[in-house]
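Beneath this line is the structure, given in structure tokens, with notes to follow.
None of the figures in this text is laboratory data; all of them are computed from the coordinates on show. Note that this is a predicted model, so its numbers are computed, not measured. Counting neighbours? That spans all protein chains shown, and the Cβs are built from the backbone with ideal geometry, glycine included.
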Amino acid sequence: MPKMRESISLSGLSAQSSGRFRLKDISFFFPFVKPLWKLGVLSFILTIIITALGSLLPLSSKVLIDFVVMKKGFDRLERLLSRLNMEFLFPSLKNFLESLNLVVFSIIVIGVLMGLIGLIQKYLMLRFQQELTFNLQTSLFERLLRFPITLFRKKQTGYLMSRVTDDVNALQYLFTEGISQIITKLFYLIFGISILVMLNLKMGLIIISILPFYVIINLFFAGKIRSVSYSEKEARAEVSENLQEIISGVEVIKTHVTEDRELNRVSGKLRNAINTRIAGTALSLLSNYSARAVQLLTTVMIMWFGAREILRGRMTVGDYVAFTSYIVYLSGSVNSLSMIHIMLQPLYASMDRIVELFRIVPEVSREERAGLKKPGRINGDIVFEDVSFAYGNEAPVLNRINLHIKPGETVALTGPSGAGKTTIVNLLLKFYLPSSGKISIDGLDITELDPFRLRQQTGIVSQDVFLFNDSIKNNIRYGNPGAKEREIEEAARNALIHEEIMQLTEGYDTLVGERGVTLSSGQRQRISIARTFLKNPPVLIFDEPTAGMDFRGVLRLKSFIRSLKNSGRTVILVSHDMAFIAETVDRILCLKNGQLIFDGTKIDFFSDVPILQKANLREPEIVRLARALRQENIPVPFSITDLRGMKRFLEARLKSENSFKIR
């Protein structure tokens, strides 16, 4: 028997970042980058061209001082061209370098080229960035929708939204600006050091010897900053989670006057996030100033050594000015590389969090789904054979349940709260698999059925009706987006809501607001029924359909469920409302403590005095039940005309029986 899936990787959503950069962290995202490789390669080439052109600009100071002003230093250029067997270029190149106008014009041309190429490169990088974000977010959202239902019940909406949006937005910087800056600064460093070595080998080696200090600073601070950044993002996600919960439950908060308590709860989480941010910023500042200290030390050493070289005649003034220009130039690049790596640590934390989501095992993988059975329209023949179930390591919720619901039957599932009614519905929808035993749909083992095909053919009207912030029309056809206008209206008529919709100013185009707030509970319930009916499923499940309904709504719903008896659909009614059950169903299944204690017709159920003895009904409920039984021609074991006597009858029996409360 396949095991539950929710145990796999759910703990990953609270795992801490390792604080150590790994190449596979980035390589995980290569499949998302692969479709965009042409944009990336072209942008990379343009970046190298811009960097190469930019690396020539600090050299202009040497050209202006040595060649244009001082008219010396050409011997080194001549020797270089001779080694390259290009000495024939020396006369033309000498005339060019001696011309102030040509040198200045060349600098202007290089600047214009850098600007034009940079504009194209930035556009390509923007396209790359946005396409990558689209690929990543859509893939992650698709993955999210296929997570086990347990994850959504354990993690709140705000927390998951933070991971899908904030972390992806942070990560896009890594693959665009972050990598682009790393490439740019790295090539600046390569080109710059090469020119420095050519200008003066000893001073070039001094610069190279300083570079390991920047690496040491990075290695020391990077892991700490990454770990703190991960903690900060988790804290921010918890703040989003609490804010979403508070805003959603603002009515309850106001009616219970708990504004101050909720404020304290959120402010505590926010304070934790702020403290973590301060710790991360302090580490970044320490890293930054450590790098600046190395930069200052490098500048002082170059000034001292360069001045000595000039005094000894080993370096020209132009060489020294160019060298100091490159030092400023390269120090900025090295410092930027150092800071970029530190700045990327929070992005690595986002990367960790995104990878965690992708590694959560989906409810059913594509490979597994390909091997599952996908029946056509099911008949609704449901069989439970010795089915037991427990949530994780908790006590069993269901214990050896055996039942058979035939196609076209209308069945009530009743019992006290916690008896296992909702669990049976969840098992039917394959949100969970039984711990033991077997569930069959039309003779097919449910473990072998495609859960998506199964749910497509099962309609459920929940007690907590959810409507999207859209028009009534779009809410009704949500499960059947291709439905025509007449089909939508027919579904609404069958759900006894059409006339009320037509009385609205916008009719079917009326916006219902968030979760259908502009409608009454009965209207929301019947729109949900219309949505389910338009889906045209062979199996219908109603979960506490009369909860929160007024008298007229209950009458309409009762009429609707009765009309389903001749439709060939299998109808399962989960309810505590005994009067409603008496007037709508053919058969009753009663659960208690995870066991099926009754399976029979409603006549047998309501004629069984011990069953009624265990029903802690109030006087109005007793009257409603008695009337319902009379209307259904079911014998009543007490007189409806003597309410007090009826109560005494029940109370006398209850003294010797363990009762459960039916809401």
LEU270 and TYR391 label points (each 7 Å along its Cα→Cβ direction) are spaced in nm at 3.2
Placing each pseudo-label 7 Å from Cα in the direction of the beta carbon, ARG377 and VAL197 end up separated by a distance in nanometres of 7.8
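Need the full-extension length gain, MET502 to LEU126, defined as separation in residues times 0.36 nm minus the C-alpha distance. One decimal, nm. Let's see the in-between values first.
Working: separation 376, 0.36 × 376 = 135.36 nm, distance 4.86 nm.
That works out to 130.5 nm of additional length.
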Sorted by chain and number, the residues with a modelled amide H under 5 Å from that of LEU591, at a separation of 5 or more or across chains, are THR414, GLY415, ILE597
log10 I(q)/I(0) for region 172-311, Debye formula on C-alpha points only (no solvent), q = 0.14, 0.21, 0.22 Å⁻¹, two decimals, reads -0.84, -1.25, -1.30
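Given a Förster distance of 56 Å, report the FRET efficiency between ASN169 and ASP75 from their Cβ-Cβ distance, rounded to the nearest 0.05. Could the numbers behind the result be given before it?
Values: r = 57 Å, r/R0 = 1.01.
Using R0 = 56 Å, I get an efficiency of 0.50.
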Extension length gain for ASP604 and PHE28 (0.36 nm per residue less Cα distance), in nm, is 201.1 nm
One finds the C-alpha centres of region 386-437 and region 215-246 to be spaced, in Å, by 42
XL table LYS374/LYS421; LYS374/LYS430; LYS473/LYS565; LYS565/LYS592; Cα-Cα > 22 Å flagged, in table order, is LYS374/LYS421; LYS473/LYS565; LYS565/LYS592
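From largest to smallest, what semi-axes in whole angstrom does region 33-161 give when each is the square root of 5 times an eigenvalue of its alpha carbon gyration tensor? Spell out each step's value before the answer.
Numbers: eigenvalues 614, 43, 32 Å².
For region 33-161, the ellipsoid semi-axes come out as 55, 15, 13 Å.
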Stretched fully, the stretch from ARG83 through GLU487 gains (0.36 nm per residue minus C-alpha distance, one decimal, in nm) 136.8 nm
